Amino acid sequence: MNPYQVFKYVPLSVLRMLARFVAWILVRLPSSGLVRNIRINMMLVAPTLSHRHKRDLIKTIVCHQCLSSVESIKSWAMLPEWSIAQIRDVHNKNILLEGLANPNGMLAIVPHLGTWEVMNAWLNQFGAPTIMYKPAKNKTTDDFILQGRSRLNATLVPTDGSGVKAIFKTLKQGGFSIVLPDHVPDPSGGVVVPFFGVNTLTSTLASKLASKTRCALVGISCIRRDDGNGFDIYCYKLDEAALYDRDASIATHALNQAMERMIKAHFTHYMWSYRRFKRLPNLGNPYRADKVALIDFIQNNGSITDHPLN
């Protein structure tokens with residue numbers, strides 16, 4: 001039996017208690033990779049925040065990320081019905097239904113926001129999406145994730161040219177796919193456009209699919225309720241003309257702006273430990289940069305114009 005299966009038998013309340021304890025430890029280890037990545041990301045996207053505000057923000061982000069991690073593992077261990085039962089309210093569900101009815105197909109835009117694995121099970125009720133899947137480095141972990149996702153209606157395709165063709169075919173047939181467009185692509189698969197005011201390499205996959213198929217674009221997030229009693233689904237209609245522009249830079253910039261609006265609504269639920277800015281022009285990888293060079297870059301980055309929580 002896969003050792004991760006033990007999560008099937010541990011109540012979610014206990015897992016969340018353990019997650020909060022781990023978060024409590026992590027915030028007291030500022031040099032740990034997770035906390036360090038979050039701190040650098042806050043320096044980049046929120047350079048004007050006070051030290052105290054930034055410290056409190058990081059503490060909350062770490063807690064939410066630890067909670068989302070155990071919730072995702074629990075979701076993989078359980079049958080899809082368990083995840084579906086965790087959903088309490090669906091905000092603007094009509095937007096999703098309208099998108100699914102589009103004859104050109106629908107692309108669900110899902111940033112690394114909230115507990116998207118629970119949402120994944122819920123969304124699979126509406127059809128059989130085609131989803132890209134990148135295997136985890138650890139075989140035990142990968143086997144566990146694949147076992148969980150194999151219970152869904154989704155067709156998993158590789159993160160290469162064949163996977164892109166499979167998604168394109170699905171959309172042309174009026175089906176739908178789920179894309180996390182805020183990952184860091186290879187240089188050949190992205191353009192440099194602003195994300196929270198920071199010019200960074202950004203994937204063009206979703207934008208190119210939208211331009212070629214004219215599919216519906218629907219933003220979706222799954223956010224833990226404040227009382228801890230389940231999750232709410234939020235649907236966003238993404239229909240600005242720029243999102244379908246043939247110029248990949250224009251369309252990708254518009255998509256980043258759309259994701260920013262989604263993230264700002266639940267800022268501390270975003271996975272800010274992700275090395276989203278590891279390919280920055282004029283700096284390179286800020287997570288490996290000299291502290292002096294990083295501070296100098298931030299002070300001279302004229303593209304940072306807006307407070308992320310406004």
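The values are calculated or read from the model by the stated rules, or taken from the named source; none is laboratory data. As the structure is a computational prediction, the values presented were derived from the model and not from experiment. Here Cβ is always computed from backbone atoms with ideal geometry, including for glycine, and neighbour counts include all displayed protein chains. Side chains are part of the model used for accessible areas, which takes the heavy atoms of the whole protein and leaves out ligands, DNA and RNA. Shrake-Rupley method; radii C 1.70, N 1.55, O 1.52, S 1.80 Å.
A Förster distance of 25 Å, applied to the separation of the beta-carbon atoms of L97 and R261, puts the FRET efficiency at 0.75. Take the alpha carbon gyration tensor of region 135-214, find the square roots of its eigenvalues, order them as a ≥ b ≥ c, and report rounded if a/c is under 1.5; if not, report prolate when a/b exceeds b/c, else oblate. Since a/c reaches 1.5 but b/c is at least a/b, the shape of region 135-214 is classed as oblate.
Using only side-chain charges placed at the Cβ, +1 for Lys and Arg and -1 for Asp and Glu, the dipole size of region 93-235 relative to its Cα centre rounds to 460 debye. Computed extension length for Q5-H51: 12.5 nm, one decimal, from 0.36 nm per residue of separation with the Cα-Cα distance subtracted.
For A293, project a label point 7 Å along Cα to C-beta. Then give me every residue of region 170-204 with its amide nitrogen under 18 Å of that point. It comes to 199-201, nothing else.
Residue pairs exceeding 25 angstrom between C-alpha atoms, taken from K172/K208; K134/K165; K212/K237; K8/K278: K8/K278. Across q = 0.17 Å⁻¹, region 83-170 modelled as identical point scatterers on its alpha-carbon atoms has Debye log10 I(q)/I(0) values of -0.84, in the order of the q list. Here the Karplus curve 6.51 cos²θ - 1.76 cosθ + 1.60, taken at θ = phi - 60°, turns the phi angles of region 185-199 into couplings of x, 5, x, 6, x, x, 10, 8, 9, x, 9, 6, x, 10, 5 Hz, with x standing for Gly and Pro. Could you work out the local net charge near N41, counting Lys and Arg as +1, Asp and Glu as -1, over the other residues with Cβ closer than 9 Å to its Cβ? Around N41, the charge tally is +3.
DSSP beta bridges fully contained in region 117-229 are about 55 percent antiparallel.
Summing +1 for each Lys or Arg and -1 for each Asp or Glu among the other residues whose beta-carbon sits under 15 angstrom from that of M262 gives -1.
Amide H to amide H distances under 5 Å link F195 with T200, where only residues 5 or more positions off or on other chains count and H is placed in the peptide plane. In the chain, the DSSP beta bridges split such that about 45 percent are antiparallel, to the nearest 5.
If you take the Cα centroid of region 167-234 and the Cα centroid of region 20-38, the two points sit 28 Å apart. Residues whose amide H lies under 5 Å from that of T155, counting only those 5 or more places away or on a different chain, are T130, I131; hydrogens are built 1.01 Å from N in the peptide plane. Evaluated at q = 0.10, 0.12 Å⁻¹, a Debye calculation over the C-alpha positions of the chain (equal weights, vacuum) places log10 I(q)/I(0) at -0.57, -0.84.
Charge tally around R224: other residues with Cβ under 15 Å, Lys/Arg +1 each, Asp/Glu -1 each, net -1. Residue order by solvent-accessible surface for L29, L100, L57 is L29, L100, L57, largest first, with ligands and nucleic acids left out and a 1.4 Å probe. Amide H contacts for Y270 (H built 1.01 Å from N in the peptide plane; partners 5 or more residues away or on another chain; cut-off under 5 Å): G114.
Each helix, a run of at least 4 DSSP H residues, gives -39500 (n - 2.57); summed and divided by the residues of the chain, these come to -13500 deg cm²/dmol at 222 nm.
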